[in-house]
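S.K.: Have a look at this one before I ask anything.
No lab work stands behind these numbers, since they all come straight from the coordinates. Treat the numbers as computed from the prediction; the structure is a model and nothing was measured. With ideal geometry, Cβ positions are generated from the backbone for all residues, glycine too; neighbour counts draw on all protein chains shown.
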Amino acid sequence: MKKGSQSWVFNNNPIILASTAIGGPFEAKGALAKDFDVLHDDIWLGQDSFEKAEKKLLEQACEIVVQKGNIKNEDVDFFISGDLMNQIITSSFAARTLAIPFVGIFGACSSSMEGLALASLIVDSNSADYAIAAAATHNASVEKQFRYPTEYGGQKPPTAQWTVTGAGAALVASKGSGPRVTSATIGKVIDMGLTDPFNMGSAMAPAAVHTIETHFRDLNRDPSYYDLIATGDLGTVGQSIAAVLLAKDGFSIPTEKFKDCGLLIYRKDQPVFAGASGCACSATVTYGHFLNRMKKGELKKILVVATGALLSPMSYQQKESIPCIAHAVSIEI
Amino acid sequence: MMIKVLLAFLVGGGICVIGQIMMDVFKLTPAHTTSALVVVGAVLGGIGLYDPIVKFAGAGASVPISSFGNSLVKGALVEAQRDGLIGVLTGIFEVTSAGISAAIIFGFLAALVFKPRG
Amino acid sequence: MSSKKEKKLSAIQQEYQQFAKQREPKRPVLKNCLRAFIVGGAICAFGQILQTVFIKYFGFTEETAGNPATAVIIIISVLLTGLGVYDHIGQWAGAGTAIPVTGFANSIASAAIEHKTEGYVLGTGGNMFKLAGSVIVFGVFSAFVVTLIKMGITWIGVM
């Protein structure tokens, strides 16, 4: 049901029946390694190309999430997935293997929550019994498409971010037990005219702030409602900007509650500049770490705000600025 | 000999610092920076100012990418003086052939042998 | 950014951009310049030693020794790129590896290796000059213009 200007409230309690996080070797050395179901030690995953490895990650995430939910592929009504590859081939080719009716989405790094919001809406409106929301990225395939060949010796600035190699999937169901998706706020595209693709945190922060504030206004809530509010991948630069902007608008969030997936996933000694990024960043941290904490009883109500920078290598070369978007989903247990 | 090596170190390092400033202060990409330095090398070569720097600093001036621009101009000028206008086209790659050919040949060999590490 | 572009932005955007710029971690310019100086200088010094070796032991002259020295540096750069070491050196050294011919070689080799998965013709062959192309294009074109101008001046002088 629509609430306010951009939000949905899910009154029929769509449940996250199962969820999974898959990662690569770099994530295996990270701070949240124990919240991953599978950690690969080979970035090629035994495939011929990085792009094929990314597909394998996503396929594996979906297979595992269906197993964990104790159902079969044929029981899943819809598969909603996005990634960063041109024409979202990772998701499309994974959908081919899974043979589940497929809705491909693109929200850049906000795809995880965009997918979860849509999957929850579909289940909540009795339009499906089971839906999978998933997202994946691979560090090398993203570098190859958006930036430079992986062996190129170009120097990255301190504002750059490290793309997560991994995939996250959530199985949303109309019945069962587990964390419930209670609401979602769909973001608007916000563009503050920033142009530096090596500093996406600054570009995405205004979008995150806009979505968070709209969520609070639409649902008549304030930061005290949630135990945790996490942005997707604003990184050190973007998150500190977002905190200041939110406080300025009267929505100050205490630092213990305000987290960023991109800052949680890796250790301080890993060379990731301003933090992690990629669709898999918010997906793996939410579907692994956060949901695990909820099941342990450490968190009761969380708001995950995945953030995306909607640029392409072409738009950057044509001197366009970076439009951004953020989608928020609230999960309660 | 040691003096020549020291001069190469100082001048070569200096040109790299100029490049670093272009990248960090003026926020140019490596492609923009190297392209700009090549053009500078070509212009200085045309004016006749690059060769004295090479005589002074040796590899300090011939290893940086700016010398590529200088070599292109020198090749073109030599052929143009000999054959007229068409020499501009026939002479451009004459001096730089070793560098470009080596980069292409060994780059391709590397693609045959190596896999990217990510 | 030119002021012409800035006028196209609204006041809110401009205000945010200035705010974001303040909070941006500053690049360690001095540290980067020092590293670039050391590594770039060392590569050129190495090139100088190579040239001397080629003159003394291989019969090259001062004018022609540059060619084999450049070729050796290129081969070493390509090897380091293939072994996966060059990108780490490049991150540390910045312009120190990007400006010498090592940067040129690395840009070609890294693109060639990366796009192997798209085949040798379209992948490696078609993408090899992705990064180095602009250097070659602008080098050649500027040499063309400079040569024409110089020839034009000489011609006018002769008249």
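S.K.: Can you tell me, using C-alpha contacts under 8 Å and at least 6 residues apart, the relative contact order of chain B as a whole percent? Kindly include the intermediate steps, with their values, before the conclusion.
M.R.: Numbers: 120 pairs, mean separation 25.4, N = 118.
It comes to 22 percent, rounded to a whole number.
S.K.: Compute the distance in nm between two label points, each set 7 Å from the Cα along the Cα-to-Cβ direction, one at A:Ser127 and one at C:Phe19.
M.R.: With each label placed 7 Å out from Cα toward Cβ, I get 3.6 nm.
S.K.: With springs only between Cα atoms under 10 Å, which of C:Ile75, C:Ile55, C:Ile149 fluctuates most in a Gaussian network model of chain C?
M.R.: The residue that fluctuates most here is C:Ile149.
S.K.: About its Cα centre, what dipole magnitude does region A:1-135 give when the only charges are +1 on Lys and Arg Cβ and -1 on Asp and Glu Cβ, stated in debye to the nearest 20?
M.R.: Values: 10 positive and 17 negative charges, 61 e Å.
I would put it at about 300 debye.
S.K.: Once you place label points 7 Å from the Cα toward the Cβ at A:Lys319 and C:Ile153, how far apart are they in nm?
M.R.: 3.1
S.K.: Return, ordered by residue number, the residues of region C:123-159 whose backbone nitrogen is under 15 Å from a label point located 7 Å along Cα→Cβ of B:Leu89.
M.R.: Taking a point 7 Å out along Cα→Cβ of B:Leu89, the residues of region C:123-159 whose backbone N falls under 15 Å are C:141, C:144-145, C:148.
S.K.: Sort the following peptides by mean Cβ neighbour count (other Cβ atoms within 10 Å, averaged over residues), highest first: A:302-310, A:45-53. All intermediate terms of the calculation are to be shown ahead of the outcome.
M.R.: Working: A:302-310: 28.3, A:45-53: 18.0.
Highest to lowest by the protection proxy: A:302-310, A:45-53.
S.K.: Now for a separate question. Which whole-number value in Å³ per residue fits the convex hull of the alpha carbons of region B:2-113?
M.R.: Working: hull volume 15.0 nm³, N = 112.
That works out to 134 Å³ per residue.
S.K.: First check a/c for region C:14-128, with a ≥ b ≥ c the square roots of the eigenvalues of its C-alpha gyration tensor; if it is under 1.5, answer rounded, and if not, answer prolate when a/b is larger than b/c or oblate otherwise.
M.R.: Numbers: a/c = 3.10, a/b = 1.41, b/c = 2.20.
Note, shape of region C:14-128 comes out oblate.
S.K.: Can you compute the FRET efficiency between A:Ser312 and C:Thr61 using 1/(1 + (r/R0)^6), with r the Cβ-Cβ distance and R0 = 41 Å? Round to the nearest 0.05.
M.R.: So, using R0 = 41 Å, E works out to roughly 0.20.
S.K.: Okay, next question. Within 10 Å of each Cβ in A:194-203, how many Cβ atoms from other chains are there, averaged over the peptide?
M.R.: Values: counts 6, 4, 3, 0, 2, 4, 0, 3, 7, 2.
The per-residue average across the peptide is 3.
S.K.: While we're on this one: Span-like helices, chain A: DSSP H, alpha-carbon axial extent 20 Å or more, mean Kyte-Doolittle 1.0 or greater, which ones?
M.R.: Details: long enough: A:50-68 (27 Å, -0.38); A:200-219 (28 Å, 0.21).
Correct list, ordered by number: empty.
S.K.: Now a separate question. Kindly provide log₁₀ I(q)/I(0) values, in the same order as q = 0.18, 0.22 Å⁻¹, from the Debye equation applied to equal alpha-carbon scatterers of region B:36-100.
M.R.: Taking Cα atoms of region B:36-100 as identical point scatterers yields -0.59, -0.84.
S.K.: Still on this structure, I have one more. Quick one: if you stick a label point 7 Å off each Cα along the C-beta vector at A:Asp227 and B:Ile47, how many nm between them?
M.R.: 6.9
S.K.: Then there's this: Run down the lysines and flag those whose C-alpha is under 23 Å from the C-alpha of C:Lys56, throwing out any fewer than 8 positions away in its chain.
M.R.: Result set, ordered by chain and number: B:Lys4, B:Lys55.
S.K.: Okay, next question. Would you kindly calculate the translational diffusion coefficient of chain A, applying Stokes-Einstein with the Kirkwood radius from alpha carbon pairs, for 25 °C and a viscosity of 0.890 mPa s, and quote it in µm² s⁻¹ without decimals? Provide the component values of the computation, followed by the final result.
M.R.: Numbers: Rh = 19.2 Å.
The calculation lands on 128 µm²/s.
S.K.: Please work out the Cα center distance from region A:262-318 to region A:1-57, rounded to the nearest Å.
M.R.: So the two Cα centres are separated by 10 Å.
S.K.: Would you please classify the overall shape of region A:138-214 from the alpha carbon gyration tensor, given that a ≥ b ≥ c denote the square roots of the eigenvalues, rounded means a/c under 1.5, and beyond that prolate means a/b larger than b/c while oblate covers the rest?
M.R.: Oblate.
S.K.: How long are the semi-axes of the equivalent ellipsoid of the protein assembly as shown, taking √(5λ) for every eigenvalue λ of the Cα gyration tensor, in whole Å from largest down? Could the numbers behind the result be given before it?
M.R.: Details: eigenvalues 551, 125, 82 Å².
Over the Cα atoms of the protein assembly as shown, the semi-axes work out to 53, 25, 20 Å.
S.K.: Can you check how the C-alpha radius of gyration of region A:26-155 compares to 2.2 N^0.38 Å, as a plain ratio?
M.R.: Numbers: Rg = 15.4 Å, N = 130, 2.2 N^0.38 = 14.0 Å.
The value comes to 1.10.
S.K.: Please compute the average number of Cβ atoms from other chains found within 10 Å of each residue's Cβ in peptide C:12-23. Mind dumping the intermediate values first?
M.R.: Numbers: counts 3, 6, 2, 1, 10, 6, 0, 6, 12, 3, 1, 9.
Per-residue shielding by partner chains comes out at 5.
S.K.: I need the per residue convex hull volume for region A:263-320, using only the alpha carbons, in cubic angstrom as a whole number.
M.R.: 104
S.K.: Right, something else. Nearest 20 debye, what's the magnitude of the dipole of region A:190-332 about its Cα centre given +1 on Lys and Arg Cβ and -1 on Asp and Glu Cβ? Write down the numbers at each step before the final one.
M.R.: Details: 13 positive and 14 negative charges, 88 e Å.
With Lys and Arg at +1 and Asp and Glu at -1, about 420 debye.
S.K.: Helix C:66-82: angle to the longest alpha-carbon principal axis of chain C, degrees 0 to 90, nearest 10?
M.R.: 50
S.K.: Between C:Trp92 and A:Lys34, take the C-beta separation as r, use R0 = 30 Å, and let me know the FRET efficiency to the nearest 0.05.
M.R.: Details: r = 32 Å, r/R0 = 1.08.
It comes out at approximately 0.40.
S.K.: Something else about it: Please identify every one of the trypsin sites (Lys or Arg not before Pro) in region A:243-333 that sits in a loop by DSSP and has no more than 16 other beta carbons within 10 Å of its own beta carbon.
M.R.: Values: sites: A:Lys248, A:Lys257, A:Lys259, A:Arg267, A:Lys268, A:Arg293, A:Lys295, A:Lys296, A:Lys300, A:Lys301, A:Lys319; in loops: A:Lys257, A:Arg267, A:Lys268, A:Lys296, A:Lys300, A:Lys319.
Loop-located and lightly packed - A:Lys257, A:Arg267, A:Lys268, A:Lys296, A:Lys300, A:Lys319.
S.K.: Now for a separate question. Along each principal axis of its Cα atoms, how long is region A:199-333 end to end? Whole angstroms, biggest number first, please.
M.R.: The Cα atoms of region A:199-333 stretch 48, 34, 21 Å along the principal axes, largest first.
S.K.: Shifting gears a bit: Average partner chain C-beta neighbours within 10 Å, per residue of B:42-52?
M.R.: Details: counts 10, 5, 1, 5, 9, 2, 1, 0, 0, 0, 0.
Across the residues of B:42-52, the mean count of other-chain Cβ atoms within 10 Å is 3.
S.K.: Provide the FRET efficiency to the nearest 0.05 for the A:Lys295-B:Thr29 pair, computing r from the beta carbons and using R0 = 60 Å. Show your work: numbers first, answer last.
M.R.: Values: r = 46 Å, r/R0 = 0.77.
Efficiency, from the Cβ-Cβ distance: 0.85.
S.K.: Grab the eigenvalues of the alpha-carbon gyration tensor for region A:44-115, scale each by 5, take roots, and send me the semi-axes largest first in whole angstrom. Numbers along the way, then the final one.
M.R.: Numbers: eigenvalues 73, 51, 22 Å².
Over the Cα atoms of region A:44-115, the semi-axes work out to 19, 16, 10 Å.
S.K.: Note down the magnitude of the dipole of region A:250-310 about its Cα centre, charges +1 on Lys and Arg C-beta and -1 on Asp and Glu C-beta and zero elsewhere, to the nearest 20 debye. If you can, show how the numbers build up before the last one.
M.R.: Details: 9 positive and 4 negative charges, 59 e Å.
Here the size comes out at about 280 debye.
S.K.: Another question about this same structure. For chain C, what is the mean residue ellipticity at 222 nm derived from helices alone (per DSSP H run of n ≥ 4: -39500 (n - 2.57); sum divided by total residues; nearest 500 deg cm²/dmol)? List each step's numbers first, then the result.
M.R.: Details: 8 runs with 117 residues, N = 159.
Counting only the DSSP helices, I get -24000 deg cm²/dmol.
S.K.: Near the amide H of A:Thr231, under 5 Å away, which other amide H atoms are found, from residues 5 or more places off or on another chain, if H is placed in the peptide plane?
M.R.: Counting only residues 5 or more places away or on other chains, the set is A:Lys259, A:Asp260, A:Cys261, A:Val305.
S.K.: How big is the antiparallel share of DSSP beta bridges in region A:180-332, given as a percent to the nearest 5? Mind showing how you got there, number by number?
M.R.: Working: 15 of 22 bridges.
Of the beta bridges lying entirely in region A:180-332, close to 70 percent run antiparallel.
S.K.: Using a 10 Å Cβ count of at most 15 others and DSSP loop calls, identify the longest part of chain C lacking such trypsin sites (Lys or Arg not before Pro).
M.R.: With trypsin sites (Lys or Arg not before Pro) excluded where exposed in loops, chain C gives C:27-159 as its longest stretch.
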